[in-house]
Structure formats: C-alpha cells, structure tokens
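The values are calculated or read from the model by the stated rules, or taken from the named source; none is laboratory data. Keep in mind that this is a model prediction, so the values were computed, not measured. Cβ sites come from the backbone with ideal geometry, for glycine too, and all protein chains shown count toward neighbours.
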Number of protein chains: 2
Amino acid sequence: MKVSVLFSGGKDSSMAAILLEPFFEVELVTCNFSLLPTGEIAAEVASRLELPHRIFNMDSGILESAYEMIMRDGFPKNAINYIHQKAIESLALEDGMKFIADGTRRDDRVPVLTASQIQSIEDRFSVSYLCPLQGYGRNAVNQMVKNHLMIREALSDDISKADYEAELRELIKLRHGVDSIEKLFPPHVQSKVIERIK
Amino acid sequence: MKVSVLFSGGKDSSMAAILLEPFFEVELVTCNFSLLPTGEIAAEVASRLELPHRIFNMDSGILESAYEMIMRDGFPKNAINYIHQKAIESLALEDGMKFIADGTRRDDRVPVLTASQIQSIEDRFSVSYLCPLQGYGRNAVNQMVKNHLMIREALSDDISKADYEAELRELIKLRHGVDSIEKLFPPHVQSKVIERIK
C-alpha cells in the first residue's frame, strides 16, 4: 500500500512519515506554486530521511485565492486551511491515489480539516486521509521526535521551510513589502529536520 | 520507551499495539473485575500477537458505579466511557507509568475521552495518552487489519471478548437475567483476533 505524505521538511510531517514507514510504501510530496524553490528545500530534507520525494505543482489560482482570504481576514488561519484542503484534493485526483497523509497533531489548530471536510474528501475522491500523529499530544510527539530526528527550531522568518506559509508570505512580500508580513503572521517557532537518527 | 496498551483482544487494540511496536516497548494490559476470566481470553490473543501481556485488577467499585449508570440511563455509553476513563486513571497511578495507549479510532463514539478529559489525565498523572488509530478512518483501519491480522467477527453475544462490556453484561445478567442485556445493549458486530500475519 502506497501513501503520499504532504511534506514540508518540518518535524511533524517527517515524524508522520516515519510512523507510516513500517506499514506503507511512503512517498513524500511537497506542494509548490512556483514562487519559491520550496520543493528543493524539502527534497534535501527528504534525502536525509532516506525517503522518496517528489514536487507537486499546484495551480497558482489556489495561492491567489488564499492571498485574497488573508488580506480580507487579516490573519492566516483560513488561507492556510484553504491551501491545505486544496492540496489534498488536488493530490487525490491523481490516478491510483489511495492514501494521503499529513503531519497534523492532536493539539494542532492550523491547518486542520473538520470531520465533515475529511468525510467529504474521502467520499468524493475514494481516498483515505491519514493523520498518523492525530492520536499523540505534544509531549508524546516531542519524545518520538527526540528519538528519531535531529531538528533545528527558529522563529518563522529565520527558517527556510517548505510549508504553505512560505510562498504565501513571499506573495505578500512581493505585493505589499516585507513589513506587511509581520502584521499578518504572528511570529511562531518552526522546525526543520537536520538529520534522521537511526 | 515503554507503552501500556489497553487490550481487549479485538482488532482495534491489537492494531494499535502493532502500530506502536516499531517505536515503543509495548505491553498489553487487560483490565479485569474478577467476574469473568477476560484476562485469560486476552492473554491467549496476546500470545498470538507475540506481545507481552498482563492482567490489571480493577476496583470492583468502578464496575458497580458503571452498573448504576447503565441501569439509570438505559443505554451503555456513559457506563462504558466511565470504566474506560477509570481504567486509564488507575493504570496511570502505577510507578513509572509514562505512556498509556488504546485502540480508539477516528470514527469511534464509545469509549472516547473528550479533549478536556485527556488534558486533565495527562496533567494530573504526568502520563501521555496515545491513540495510534485516532488519525485513521474505517477504510484505512480495515486495510491495515487485513494486512496484519486474521480476525473473526460476530454479534456481541456470540463472541468471547475481553472488553469492558463483557463483565458489565455479566453483572447485569447475574442480577436481572439474560433478557435485560438485550434491552440495554444494542446488538453490534465485534471482532476477535485469531492470528497475526507476519
């Protein structure tokens, strides 16, 4: 059974892939809107994890809609959730796609699909959506990460990561300047995987 | 890292243990109120899984309170949830207990702890509560079970299982006769593991 894991190069999507590895044929998939080389950043991390990786080119109209959302809302939650849902739906359209996974944890608030969004995706596309970390709280995830990954943590503007936020920030920077990013995205700690501990 | 998995001999708690096995030192734990030999039934299944198993004797006052709940409510949900919560709390009191897991799935309704019950248990007892199947829907769990377990499925009164329901049913049978069980417990399909596929 093959599973496609939405992959940002951070500790959560990496740990999700590691949890699936004994039970599925894992491929890491990084969504990209051709605005920043996030696919290459993620490919480098994937090689450290020794897991196959590919870049999935997404319709730039999705990023455009997300941009409109965040400018309207003044905060990123809905925009990030929208990109996440569209990423899963776009991937679900691929031939033979059966299992799509991500690194969502029990305590996550964004991006998170609701129960009815999950049901709708599974029914419409005949795929299973897996969140291997969903049943684990912060402490348990941290313990597992400590056993399996060497990570670097920094504030979100100091770390080059391949999540949805990166290209959304870039688009806003291009159109409104760097200062507007600070107003829209509260600073938060992000992680990047440096090495896998085997 | 050692994890204690609440174990009924059914497919969900078995699959949860199998998912944890590559990452934790797994022990299976079956709670028992000394009314039925559910511990022995579960021990037999555990030996098929080739995982260590022990019986955890629970205070019969817990079963008594659950009995009062189901007789008052007329349905088993609150009683089963109560036993489940008390099982986790009782186990959490053991020396050195750090990780407690169960076979709760994404689509389960009973027994399920609420987010605040989980937070409360983790904070009060300094344990992590893990639900490895929480991020998997029915179809994904069925696929994994098919790959790893041979199971037998039957209506709940035709299968000898080691879940909380078994002893609660027995207590009601002893006090009110076999007919009262049918009124309180809607018939539902239960599973028992026959063999592990390796």
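Do the conditions hold for A:ASN78, that is, is it farther than 19 Å from A:ARG175 by Cβ and modelled with pLDDT of 95 or more? No.
One line per residue, one yes/no per condition, for (1) among the hydroxyl-bearing types (Ser, Thr, Tyr); (2) more than 30 Å from B:MET1 (Cβ to Cβ); (3) over 18 Å from the mean Cα position of the chain (by Cα):
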| site | (1), (2), (3) |
| --- | --- |
| A:GLY74 | no, yes, yes |
| A:ALA87 | no, yes, no |
| A:ASP95 | no, yes, yes |
| A:THR114 | yes, yes, no |
| A:ILE121 | no, yes, no |
| A:MET144 | no, no, yes |
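Close contacts from segment B:109-120, counting a first residue that is modelled with pLDDT of 95 or more and a second that is surrounded by 14 or more Cβ atoms within 10 Å (Cβ to Cβ) and assigned to a helix (DSSP H, G or I), with Cβ to Cβ under 6 Å and a gap of 6+ residues or different chains, come to none at all.
In the set A:MET1, A:MET58, A:MET69, only one residue is of a type in the set (A, V, I, L, M, F, W, C) and touching a Cys at 6+ places or on another chain (Cβ under 9 Å); that residue is A:MET58.
Name the single residue that is farthest from A:ASP73 (Cα to Cα) among those in segment A:177-196 being of a type outside the set (D, E, K, R) and surrounded by 14 or more Cβ atoms within 10 Å (Cβ to Cβ). Spell out the reasoning first.
Applying the first criterion (of a type outside the set (D, E, K, R)) to segment A:177-196 yields A:177-178, A:180-181, A:184-191, A:193-194.
Narrowing further to those that are surrounded by 14 or more Cβ atoms within 10 Å (Cβ to Cβ): A:180-181, A:184-185, A:190-191, A:193.
Working: A:SER180: 13, A:ILE181: 13, A:LEU184: 9, A:PHE185: 12, A:GLN190: 23, A:SER191: 26, A:VAL193: 31 Å.
That would be A:VAL193.
In summary, strands (runs of 3 or more DSSP E) completely within segment B:110-198 and bearing 3 or more residues that are within 12 Å of chain A (Cβ to nearest Cβ) occur at B:128-130. Looking only at segment A:152-172, how many residues end up being in contact with an Asp or Glu (Cβ under 9 Å, 6 or more places away or on another chain) and surrounded by fewer than 16 Cβ atoms within 10 Å (Cβ to Cβ)? Residues meeting the conditions: 1. Of the residues that make up segment B:76-91, is at least one of a type in the set (Gly, Ala, Ser), closer than 23 Å to A:ALA140 by Cα and within 14 Å of chain A (Cβ to nearest Cβ)? The answer is no; no qualifying residue exists.
Got at least one residue in segment B:98-106 being among the aliphatic types (A, V, I, L, M), modelled with pLDDT of 95 or more and farther than 23 Å from B:VAL141 by Cα?
As a first pass, look at segment B:98-106 and keep what is among the aliphatic types (A, V, I, L, M): B:100-101.
Then keep just the ones that are modelled with pLDDT of 95 or more; that gives B:100-101.
From what is left, the residues that are farther than 23 Å from B:VAL141 by Cα are none.
No, segment B:98-106 contains no residue that is among the aliphatic types (A, V, I, L, M), modelled with pLDDT of 95 or more and farther than 23 Å from B:VAL141 by Cα.
Looking only at segment A:65-85, decide whether some residue is farther than 24 Å from A:SER180 by Cβ and out of contact with any His (no Cβ under 9 Å at 6 or more places or on another chain). Steps first, please.
Within segment A:65-85, the subset farther than 24 Å from A:SER180 by Cβ is A:85.
This time we only want the ones that are out of contact with any His (no Cβ under 9 Å at 6 or more places or on another chain), so: A:85.
Yes; the residues of segment A:65-85 include at least one that is farther than 24 Å from A:SER180 by Cβ and out of contact with any His (no Cβ under 9 Å at 6 or more places or on another chain).
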